[in-house]
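Below you'll find the structure, written out as structure tokens, and then a few comments.
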Amino acid sequence: MAPFITCVNNLSKAITNSTIKVRCVRAFQGFPEDKDDKSLECVFHDSKGTRIQATFPNSLVQNFGNKLREGGIFCIKNFFVRPNTLRNKASNHQFRLLMNVKTEMVEVNDHRFLREMFDFKGSNVDLYLDQLKKSERTIPIVIIQFCKRNLFREVKDFRMRIREDSRFVQQVSVIQGGQRLGGEYDDLQLKSLEDLSCLEEGSCWVFGKIDSVECHYGEWYFLACKTCVKKVREVDNKFNCSRCTKTHTYAVKMFKFVVNVVDHTSNASLLLWDREDSQLLGRNVTDFLGNGGQVAPKNSIPSLIEEILVGQNVLFKLQLKNHIEYYRSYPFTVNKVCNIPEVVDKYTPKDLGE
């Protein structure tokens, strides 16, 4: 039976298994913010002509880059719907698509499918002609491209004024006699994943159901210094630490990978380090490296990790940087996790999955 096709305008951030049928209008290399990010950007349109931008992270370019071709029609399933907050937008749609390790894409033939490879703005031309007629004896200046930049200085000034005002400080419970009332996770003020795009510097707790697991820059673990646990560089079977400025004969293997999570409002990518990964998995890196001399590949998440993590409901404590623009391309950093069933159940959204 043919899958149900969702129109681009009906996509939801809280649903990660939608299927769309789209035509590729344009495919180009993205504008990386660092040298390691070589993502592939695409512009698609559906059967109604609605356009949307899609991002294939650099870890997926090898799998999908050769399949994509401009003008081709594709059925795409299992992707994330994110707010379109990119600096370099190729579409005016409020959302953009982010592909992940579970994404499936198949090219199909459909001669009746809409083909709109260009976007003509006839109404704008009419307006320009009217203006030109009013100045027939002058030399016209043609503007090829322009933009209007909104700084919203009033908003920034207002935030600066209320930063130290006690009337605007979030109220917290007062603990009498120096005793804690209840456990560590009582009365947590959780934020939804959709709220993350609006938050400023600081920390917050969120609920997330793990949807998939993927490597971070092509690795699910790294070699760390035995003293300061900073990533080391291997040279001639020895390991150099730039922080300790020492050379060690061996290094410690530590987790570092990304989990993609969803709640009732949206989805997000979270970066987990060794402490949090070990807590959720109940094991260390060496338990997943294989037996009998067989070593699991460093650039592919072991299937056992996916079996343990995918589907788990977890509370994550996130540390937000002072510029939310960072998270347009990078995952949020997790400082702490809670997977205690009775605690997680207390904060699980009632309408999760609807």
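The values are calculated or read from the model by the stated rules, or taken from the named source; none is laboratory data. Predicted, not measured: the structure shown is a model, and the values here were computed from it. Quick reminder, even Gly has a Cβ in these numbers, built from the backbone with ideal geometry, and neighbours come from all protein chains shown.
Quick look at the values:
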item: Scan of segment 225-259 for residues that are in contact with a helix residue (DSSP H, G or I) (Cβ under 8 Å, 6 or more places away or on another chain) and of a type outside the set (K, R), ordered by number; result: V229, M254, F255, F257, V259
item: Segments classed as strands (runs of 3 or more DSSP E), wholly inside segment 11-102, with at least 1 members that are in contact with a His (Cβ under 8 Å, 6 or more places away or on another chain); result: 19-29, 51-56
item: Candidate set: segment 118-137, residues that are part of a loop (DSSP other than H, G, I, E, B) and of a type in the set (K, R); chosen: the one modelled with the lowest pLDDT; result: K121
item: Matching residues in segment 209-265 - criterion: being of a type in the set (A, V, I, L, M, F, W, C) and closer than 20 Å to L309 by Cβ; result: I210, V213, C215, W220, F222, M254, F255, F257, V258, V259, V261, V262
item: Pairs where the first residue, in segment 87-111, is under 30 Å from S300 (Cβ atoms) and the second is part of a loop (DSSP other than H, G, I, E, B) and small (G, A, S), C-beta under 6 Å, 6+ apart; result: E107/G72
item: Residue in segment 219-227 that is among the basic types (K, R) and without any contact (Cβ under 8 Å) to a residue 40 or more places away in the chain present; result: yes
item: Considering residues of segment 308-343 that are part of a helix (DSSP H, G or I) and modelled with pLDDT of 95 or more only, the residue surrounded by the fewest Cβ atoms within 10 Å (Cβ to Cβ); result: I308
item: Cross-chain or 6+ apart pairs with Cβ under 8 Å, segment 180-208 first and closer than 22 Å to G311 by Cα and part of a loop (DSSP other than H, G, I, E, B), then among the small types (G, A, S) and at pLDDT 85 or above; result: S192/S266
item: Residue check, K89 at pLDDT below 95, in the same structural domain as I52 (by TED's automatic domain parsing) and either crowded, with 17+ Cβ neighbours inside 10 Å or under 22 Å from the mean Cα position of the chain (by Cα) (or both); result: yes
